[in-house]
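Bear in mind that the values in this text are calculations on the coordinates, not laboratory data. Just so it is clear, the structure is predicted and the values come from calculations on it, not from any experiment. Neighbour counts are summed over all protein chains in view; Cβ atoms, including those assigned to glycine, are modelled from backbone coordinates with ideal geometry.
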Amino acid sequence: MAQRAVWLISHEPGAPLGGTVRFSRRYPTVEKRAKVFNGASYVPIPEDGPFMKALLFELRLLDDDKDFIESRDSCSHINKTSVYGLLIGGGELWPVVAFLKNTMIYACVPLVEQTLSPHPPLISISGISQGFELLFGIQDFLYLGQKNDTEINTKLNQLPDLLLQACPFGTLLDANLQNSLDSINFASVTHPQKQPAWKVGTYKGKPQVSISITEKVKSMQYDKQDIADTWQVVGAVTCKCDLEGIMPNVTISLSLPTNGSPLQDILVHPCVTSLDSAILTSSSIDAMDDSAFSGPYKFPFTPPLESFNLCYYTSQVPVPPILGFYQMKEEEIKVKITVNLKLHESVKNNFEFCEAHIPFYNRGPITHVESKVSFGQLEVFREKSLLIWIIGQKFPKSMEISLSGTVTFGAKSHEKQPFDEICIGGTAYLKLHFKILDYTLTGCYADQHSVQVFASGKPKISTYRKLISSDYYIWNSKAPAPVVTYGSLLLVRCHN
Amino acid sequence: MGPRGRETWAQRLGAFRASPSAFMAGPEGEDLGCDLLSELRSEKLSEQTKVSLLALSLEYPAQLWPDTAAAEAAATSLLDTLVLLPPRPSALRRPLLLAATTALAAGDALGPTSAASLRLLPLLLGLASGSDLGRGFGPASEQRSLQATACECLRELESCKPGLLGGRLGLLRGLLGQEGPVQPLSLLLALALRNALVIQARARAGLQGLLMAGDAPTVGIPWNWALAEEGAAHLQPQAPGWPATEVQECGLAVLEPSPEEARELRAAVAQLLDTSYLLTPVAQAQLLWLLGWALRGLRGQPPVLFKPQLVRLLGTAQLTLLHAILALKAAFGEALFTAQDEALLLRRLTLAAQHPALPLSAHLFYLHCLLSFPENWPLGPTGEEAAPLLLGPRLCRGLLPSLLHNPMALLARLHLLCLLCADDEEKEEKAQDWSPQHYLEELLAGLRQRAALDGGPRALATLCFQASYLVVRCLAMQPAVLTPLTRGLAQLYQSRPALAPHFVDLLDRVGPELGEPLRVVLRQEVVARPGKDEALCWHLQILAKVADGNAQSATLGFLRAAAARCTDWDLQQALLQVCRALLRAGVGKGLADLLQALARQLEDPDGRDRARLYYILLAHLAGPKLGVALGPSLAAPAASSLVAENQGFAAALMVQEAPAPIRLSVGPRRAEGPVPVLQLQVEVLEPVYSLELRFRVEGQLYAPLEAVHVPCLYPGRPCRPLLLPLQPRRPAPTHLDVRALYTTPSGLTRHAHLPPLLVTFADLFLPFPQSPEGDKQGFFEELWDSCLPKGAESSLWCPLGPRGLEALVSHHLEPFVVVAQPPTSYHVAIHLPPNSRLLLRLEAAQVDGVPVALRTDDWAVLPLAGDYLRGLSAAV
C-alpha cells in the first residue's frame, strides 16, 4: 500500500536533459521493507538525475527517436498501462507508475510485498492504485483552479509540507491535498468526536448549496452511407455545500423531463452514502429501450467542505445538437470545401459562442481563400493553415447555415506547418466549439425543491446548467475517415 | 562546523539533494548527520529551517546515520530535542516524532535492546491514547494532531516489525470506541490485527485473548516483544492476499479461533467497517485490503461483514476503492460475490475502463483488471491475461481499439480484441453482423498506413509493430489473420524501407507462423528491386536477416548489382553481412565468385579483408563447420569488422580445451610384426567426430609416435581397436602423454588432455622373426651363447601358482617359446626392439616354483626382466 518514492518532473522539450525534477520524496522505512520483500529482485531507488533520464527515455520524451533503440522500440516492449519498468544501473526498477499531464510528469514507485521476478500482476499490488491516487491528488492540487506558472511554483513549494501531512511515511492518508493544507491551517481547531477524516473543520456561516450540471457533447459525423454518425453526452454534477454541523445530510435529485434521455454509466463521489440499484445498473452497455430507468436520480450524501463532483454520467441523446457535413476535394494546390450545419430544432438556440474550426494538416500555409458564408464570418489564419467560421450566438431562423469556398496553399516548409498522423490526403475534419448556458442536452436538471438538507437553517439553493462541446468532429465525407467509425458501426448495428 | 545561518543550510541541503552520493563523498558529507542534530537545538535557526532539516532526515536517514549505532544515537538525540521543546505551540513536535520513528525503523535499531525504542514506544502509545503527558508535549490544541501522528508512527513501526503492537490490540480497540481520531486508529488497529492473525496462524497459536486485553495501563509496564520477535521472522517475500489459492501457504486456514475469540474478532472487524465511511477513500481502501487479508481463510468468519460496504463502494469512480473490492473478490470469491454480483462488478469495471470522466491512466488500469479479473470459476490457466467468461463481445463493444486512441490504450484494447477473436474462432456459430477479425484487419491496416508516413515519428512505427506482434502472439494459429497481416507488412516495407530495423526486430521475436511467410515476402520484395535505390542500406539489412538457401540466384544477382553502389564503409559492411548470412545458409555456388569480386573491388581495405576472409572460409570449411563458425554471435559493430567477426570465431573456430568425453585403455597384447604395437580401446560418452589422438613420450626413449585418426565414434557402439606402433630407442617401459583433438556434434573443435597410458616392459616383447623351422634347439643355443660376454647372466627362482609352469607359460610367454618340453621345460627367446634379446631357460620345474636361467645381451634389461618375472609369479 505504501510508496517508496514520488517525483514530479517538468518535461522541457529541447532542454539539454529534457526536463527538471521539480519535487521528489523518498520513504526510507518503506525502502527497508522493499529490500526484504523483494529479496534478490530488489532494485534500490535511484537518485533523481538517473531516474529522470531513464523515465524520459521510457516515456519517449527525449528528442532522440531518430534511431531504432531496441530497449524502447522493440515490438515486444509493450506497455498497456501507465506502469513502467526502468532500466537503471543494470537492474529494472519496477513498477514505476507514471503519466504526463500538462507538461508535468507524475511518478511514484509502489512497494510490492513479494518478489518481483516474475512480475506479479498489477491487480495484486495494492500500492498501484494508491500510487495513482496520490499522483492524481497532486495533479488536482497543482492544476485545479489556476494555471499560471507563479501559482504553480507556489503550490510546488507547498508540496513537501503537504506530503508530510498527507503521506508522512509513504502510505497515503488523504489524496485530497487541499484538505491537508487546510488541516495545517486549522490546526488549532478542536475536533469533536467522529469527525470524518475527509473533512477538516466545520463551516460557519450562511447555509447555501450550489449545484451545477455541466454536459459535454462529443460527436463524430461522417455523412456516409456505410458509417453511422455517433455522439455522446458526458455530464458532471458539481456541488458546493456550505452547511453547519459535522455531518449534515443532503439529498439531491436529478430529474429529467418527459422526453429526456436517461442518464447512464453513473459514477458517484465516495461521500454518497447509498445508491439505488437502478442507478448502479443503468449502463450504456445495454441496448436502450423504454424500460430504461429515467429517474429521478437520488443521491444522498454527507458533503465535504470543498466543492466536489457529486457524480458523472453519460447519455445517448436521440440526435446530435448540430448535424452537418463537410466536403473537401483536393485540386493540386487548392482544396474546394463545402460545409453545411443544421441546429436541431429541440436545442436552445442561444449560444454563448459557436465556432467551426477547419484545420488543414500536412500542407503549406494558406495563400488565398475565396469563400461564401450564408451566415456568420470566416477568419483565416494563414500560417496555422486554419479557418475559423464564427457563427456567433444564434443560428438563423432556418436553423441551417452553409460555407463554400476554395483554399489555396503555398509550398510546404517542413517544421512550421501542422503535422497530423490521421489527416493524410483527403482525410480531414472540422471541429465545432460551442457553449450554451442554462441548458442540458439530456434535459437533466436539479430541482431546487427536491434538494433535501438535514442541517440547521434553511439553505439557499442555487442551480446552474451548461452544455459545451468537446471533441465534436465532422469528417470530410469525400475521403476515408479514421477507423474509429467501425466501433460506432458496431454500436448502431447492435441497436437495430 | 560552527552554527550556520538559514542561507547556508538552504545551500547545503540543495547541494545534498542534487546528488546525495556525491555530497556524502565530498568534504562536508561526514559531518552532515551530526550538524543536523545539533542545529535542531540551535536558537538561531527558524522553525521553518529546522522543519526542512527534519524533512531531510526523513528521506535520507541511511546517508546521515549509516549504521545502527548512529541511528540509535540520532533517535535519542531527536527525542531529547523533543522533550526540551518549550511548552508553547511548535511546528517541530510532529516532524520530530516522524524523524525519530524513521531513524529507528530505517536504521534497524528498533528492538528490545534499544534504549531509544524503549523511550519512543511508550511515548507514542501514550500520545495515541490521548494521555496527558505533561506540558512538555505542547498545548492542548496540538494534542489531537499529535495523537494522529503518534498513530501513524506506530503504524509504520508495526509495518516494519509485524507483531510489535500485537499485545495492544485490546487497548487500540478501546481507543477507537472512545474519542480518538477515527482514521489513524482504525488503520493502526487493522494493521496490528492483520499482523497478529498472520503471525499467530503461522505459529499455530490461537488469538490468545489478544483482542480482549482491554484497557491495560499504557505507561510503566514493559513492552511485550514476543509477537514482534515471532513476526520479524515473517517479514519476508509473500503474496499479499492474492490470489486466493495461496491461502494454504500463508497458513491462515489453520487458525481456528474459539467461538469466543471468533465473536470478538467479528465484533472488532464490524466496528472497523461500521465507521469506515469516516475515512478518506484511500484509507477506506487500505482498511479493506488489511481486513480482507486478515480474515481470508479464517474459519468461522463469513465475509458477509463486508457486504454492506460493497454496494456503497461499487458506485464510486475511485480507483483505490474499486481495486480494494477486487482484492476482496480475489480473497473470498463466491463466499462474498454471487454470480450476479460478479456480473455486476464486471459491468462496473467495463464501464470504468471507458468512462469519459476518468483519466486515461485509470482506464488502462481498469482494462488490466478486466483481463486479470479474479473470476469465481476461472477456466483458463492462472497467471495469464484472459477475457473473463462473462465478458462477452457485447460488453466489450465500447472497449474496441481505434486509431484515435493513445498508444497504450490502443494496445490494451487490441489485446482484448485479440482475445475476442480467439474466442470467436472457437465458437461454432459466428456472429452474423460483426466479425472481430475484420475489425482487427481494418485497424492494423490503419496502423500500417500511419507507420508508412514518411518522416512520421518513430512512435507510430513502433506502435504498428507492437500491435502486429501482439496479434501474432494471441492469434498465431489463425491463418485468416496472419495472411493479410503478412501481406500488409510487405506493403509497409515497400512504402517505407527505413522501417527495416523494426522488421528485423519483429522477425527476431515472432514464431515461425508469421516469421516464415514474412521472410519469404520480404526477400521477394527486396531482391525484385534493381538494387540501386536510395534505401539500399535498409534492403541489405533486411536481406541479412531473411537471406537463406532459397532464391539464390535472385539474391546473388541483387547483391552483384548492389556491390557497385556500396561505396562507403557502412554499405559495404551491410553487403558483407548479407554474404555472411548466405555463407551460413550454405550457399556456395555463385557466392564464391561474388566474394572474390568483392575482395578485389571494394574500396575500403576493411571490407576487402572481410570479403577475403569469407572467401577463405567458404573455400576451406565444410558446410556445417561454416554454419557454426558464422553462428549468431556478431556482437556490437566494432571499429573493424574483422575484430567483430573475430569475437565469433574465437568461440567457433578456435580450439577450446574441454573435459574429455573419451576413455582410452590398452587392450590385449599383440606380439607380432616387426615392431611392438599397442592395441588401444576407445569409448566415448557423446558422439565425437574427426578424433585425432596425439601421443608423446617423455625423454628420448622412443621415436616420436604417429597420431591416430578416427572419423567418428558413438557412445555404446563398439569400435575396432586402434593400433599404435611403438618405436623404442631403448627397451624400457614408459608413460605416454595423450591428447585428443575432436569435433563435437555442434561442430566445435575441442581439445582434451587424457590420462597417461602406461607402456609396460612386456608390451615391448616380440618373437624372433627368423626362427627357423628345423633346429629350434640349436637356434636357441646360438642365441644363448651370443649374449656373452657383452651381456649379462642371472638366475632366479620363480614361484609357481597351483596351475604350474604350463599355465604360466601359456599365459604370458607363449609367442616367444622356441623349445618346449611340457610340462617341465621351456626355452624362451624374446626380441626387445630396437635390438636387444632376452633368453630364458625354465627347466626342472618343481611343485612350488621353477628356477629360471636368464641371459641378455643388454645389461640394462636385467633388472626389468627380473621385475617382470617376479611379477608373473604374483599374477598367475
Set of lysines near A:Lys298 by C-alpha distance (under 22 Å), chain-local residues within fewer than 8 positions excluded: A:Lys216, A:Lys240, A:Lys458, A:Lys460, A:Lys466, B:Lys307
Sorted peptide list for B:358-370, B:475-487, criterion being average Cβ within 10 angstrom, highest first: B:358-370, B:475-487
DSSP loop (so not H, G, I, E, B), at most 13 other Cβ within 10 Å: list which GluC sites (Glu not before Pro) in region A:359-459 pass both filters. A:Glu383, A:Glu415
Rounded to 0.05, the calculated FRET efficiency for the beta carbons of B:Gln656 and B:Ala853 at R₀ = 60 Å is 0.60
In nm, to one decimal, how far is the B:Leu390 label point from the B:Gln11 one, both placed 7 Å along Cα→Cβ? 6.5
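In what order do B:Val282, A:Val112, B:Val269 fall by count of nearby beta-carbon atoms within 10 Å, going from fewest to most? Display every interim value, and only then the final one.
Working: B:Val282 30, A:Val112 26, B:Val269 21.
Fewest to most other Cβ atoms nearby, the residues stand as B:Val269, A:Val112, B:Val282.
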Separation between Cα centres of region B:544-571 and region B:1-63, rounded to whole Å: 65
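Let me have the relative contact order for region B:656-761, percent, based on Cα pairs under 8 Å that are six or more residues apart. Provide the component values of the computation, followed by the final result.
Numbers: 246 pairs, mean separation 33.4, N = 106.
Worked out over region B:656-761, it gives 32 percent.
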Given 10 °C and 1.306 mPa s, compute D for region B:765-872 with the Stokes-Einstein relation, Rh being the Kirkwood radius over Cα pairs; round to the nearest whole µm²/s. 114
Take the Cα radius of gyration of region A:48-144 and divide it by 2.2 N^0.38 Å, with N its residue count; two decimals is plenty. 1.12
Most positive-pole-ward Cα, B:Leu399, B:Gln437, A:Phe308, against dipole of the protein assembly as shown from beta carbon charges: A:Phe308
Would you mind giving the mean number of other chain beta-carbons within 10 Å of the Cβ of each residue in A:25-35, as a whole number? 6
Among the lysines, which have Cα under 19 Å from the Cα of A:Lys412 when same-chain residues fewer than 8 positions away are ignored? A:Lys329, A:Lys334, A:Lys336, A:Lys384
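If r is the Cβ-Cβ distance from B:Asp785 to B:Ser690 and R0 is 60 Å, what FRET efficiency results, to the nearest 0.05? Mind dumping the intermediate values first?
Details: r = 53 Å, r/R0 = 0.88.
My answer for the efficiency is 0.70.
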Just need log10 I(q)/I(0) for chain A at q = 0.11, 0.12, 0.13 Å⁻¹, Debye formula, equal scatterers on the alpha-carbon atoms, no solvent, rounded to two decimals. -1.21, -1.33, -1.39
Relative contact order (percent, whole number), region B:765-872, Cα cutoff 8 Å, 6+ residue spacing: 33
Rounded to the nearest Å, the spacing of the alpha-carbon centers of region A:312-370 and region B:477-507 is 37
Quick one: dipole size for region B:656-761, taken about the Cα centre, charges +1 on Lys/Arg Cβ and -1 on Asp/Glu Cβ, in debye to the nearest 20. 200
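Report the antiparallel proportion of the DSSP beta bridges in region A:314-391 as a percent, rounded to a multiple of 5.
Working: 20 of 20 bridges.
Rounded to the nearest five, the antiparallel share is 100 percent.
Take A:Met220, B:Met408, B:Met24 and order them by how many other Cβ atoms sit within 10 Å, fewest up front.
Values: A:Met220 25, B:Met408 21, B:Met24 17.
Starting with the residue having the fewest Cβ neighbours, the order is B:Met24, B:Met408, A:Met220.
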More than 18 Å apart: what percent of Cα pairs in region A:322-437 qualify? 50
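How high is the FRET efficiency between B:Arg487 and A:Arg382 when r is their beta carbon distance and R₀ equals 45 Å, given to the nearest 0.05? Before the final figure, lay out each step's value.
Details: r = 42 Å, r/R0 = 0.94.
My answer for the efficiency is 0.60.
Roughly what % of Cα-Cα distances in region B:59-100 sit above 16 Å, to the whole percent? Before the final figure, lay out the partial values.
On the way: 321 of 861 pairs.
Value for region B:59-100: 37 percent of Cα pairs lie more than 16 Å apart.
Counting helices only, and only those DSSP H runs with n ≥ 4, report the 222 nm mean residue ellipticity of chain A as the sum of -39,500 (n - 2.57) divided by its residues, in deg cm²/dmol to the nearest 500.
Numbers: 8 runs with 87 residues, N = 496.
Taking each H run of at least 4 residues, the total per residue is -5500 deg cm²/dmol.
At 20 °C and 1.002 mPa s, what whole-number value in µm²/s does Stokes-Einstein give for the translational diffusion of region B:656-761, with Rh from the Kirkwood sum over Cα pairs?
Working: Rh = 14.4 Å.
Estimated diffusion coefficient is 149 µm²/s.
Arrange A:Lys329, A:Lys147 by Cβ neighbour counts within 10 Å, fewest through most, would you?
Working: A:Lys329 14, A:Lys147 10.
Neighbour counts put them in this order, fewest first: A:Lys147, A:Lys329.
Tell me the volume per residue, in Å³, of the convex hull enclosing the alpha carbons of the protein assembly as shown.
Details: hull volume 387.7 nm³, N = 1372.
It is 283 Å³ per residue.
Using a 10 Å cut-off on Cβ to Cβ distances, tally the other chain neighbours for every residue of A:161-173 and report the average as a whole number.
Numbers: counts 6, 0, 1, 7, 4, 2, 2, 13, 12, 2, 9, 7, 10.
Across A:161-173, the average partner-chain Cβ count within 10 Å equals 6.
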Excluding residues fewer than 8 places away in the same chain, name every one of the lysines whose C-alpha is closer than 17 Å to that of A:Lys35. B:Lys161
If the label point is 7 Å along Cα→Cβ of B:Gln777, which residues in region B:798-833 have backbone nitrogen under 16 Å from it? B:818-828
Could you work out how far apart the two model spin labels at A:Val319 and A:Asn157 are, taking each label as a point 7 Å from the Cα in the direction of the beta carbon, and quote it in nm? 5.6
